Amino acid sequence: MSDDEGIRLQKALAQAGVASRRNAEILIEQGRVEVDGAVVTEFGTRVDPAVSVIRVDGERIPPTSAHAYLVLNKPRGVVTTMSDPEGRPCVADYVQDRTERLFHIGRLDTDTEGLLLLTNHGEFAHRLAHPSYEVSKTYVAEVEGNVKPGTLRRLLDGVHLDDGPAQADAVKEMSSIRGRTLIQISLHEGRNRIVRRMFDAIGHPVKRLTRTAIGPVRRGNLHTGELRELDPKELGQLLDIVDL
């Protein structure tokens, strides 16, 4: 990049909210800043924040952007659509005050609650939903019956469904009481009703299902029906996952 292109690195860091320009210079001087995989120690370095991959202490710093990146804790009974001809509650009801033309990334069943990402960045959405990037999703399932360890192990080994095999990345029992078991399961599958069908396959139908994480994005203190923007660390990690 020539001297008259882009902006100075310390300005890019300041615009991203990492530090003031003076403190950004200190970070650069200390060798804590990378641009496109190379450590930068010169204050005059120019970057294009829209395309340069900038990291501080190894963490990706997403550029300031006109795109929106949101997470909704979808309530049970809400349809994962941006409009519904039947007049049912839908995702659009929770973003009515946003000016962007948003769309959801992937889906959650109407009777499943939990995390759902929304954006107006088409390529980001396409990659995040594509199975080749293997973005892990974590759920908490309340299932019928007391699940034996050997039965739970079948989810890790893989079960056969009508559209092919399915396998969990991780699974653990959280609690069991009165003929119901709470199980945490993580997988990168995105097929329709995949978690429910996997538990059906081992003989323990799901009574309630909640998605608690999408990659690095955790539910945390986000209450049911609440919406928030992804924080820079979450967004930076997702951009890395999908190679953007």
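The values are calculated or read from the model by the stated rules, or taken from the named source; none is laboratory data. The shown structure was predicted, so the numbers you read here are calculated from the model rather than taken from an experiment. Every residue, glycine among them, receives a Cβ derived from its backbone with ideal geometry; neighbour counts consider all protein chains shown. Calculation scope for accessible area: heavy atoms of the full protein, side chains included, ligands and nucleic acids excluded. Shrake-Rupley method; radii C 1.70, N 1.55, O 1.52, S 1.80 Å.
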Study note, to complete from the structure: Those residues of the range 168-208 that are of a type in the set (A, V, I, L, M, F, W, C), in contact (Cβ under 8 Å) with a residue 40 or more places away in the chain and either outside any strand (DSSP E or B) or open to solvent by 70 Å² or more (accessible area, probe 1.4 Å) (or both) come to a total of 5
Practice item. Among the candidates 77, 37, single out the residue that is outside the structural domain of residue 228 (by the TED database) and at positive phi. Key: 37
Practice item. For residue 34, indicate whether it is within 19 Å of the chain's Cα centre (by Cα), open to solvent by 30 Å² or more (accessible area, probe 1.4 Å) and farther than 19 Å from residue 121 by Cα. Key: no
Point to revise | Cross-chain or 6+ apart pairs with Cβ under 7 Å, the range 122-137 first and open to solvent by less than 60 Å² (accessible area, probe 1.4 Å), then part of a helix (DSSP H, G or I) and of a type outside the set (Gly, Ala, Ser) | key: 127/133; 128/238; 135/128; 135/241
**Study point:** Search result, residues across the range 146-162 that are open to solvent by 100 Å² or more (accessible area, probe 1.4 Å) and in a strand (DSSP E or B)
**Key:** 160
Check your understanding: Does residue 62 qualify as being of a type outside the set (Asp, Glu), open to solvent by less than 30 Å² (accessible area, probe 1.4 Å) and at pLDDT below 90?
Key -> yes
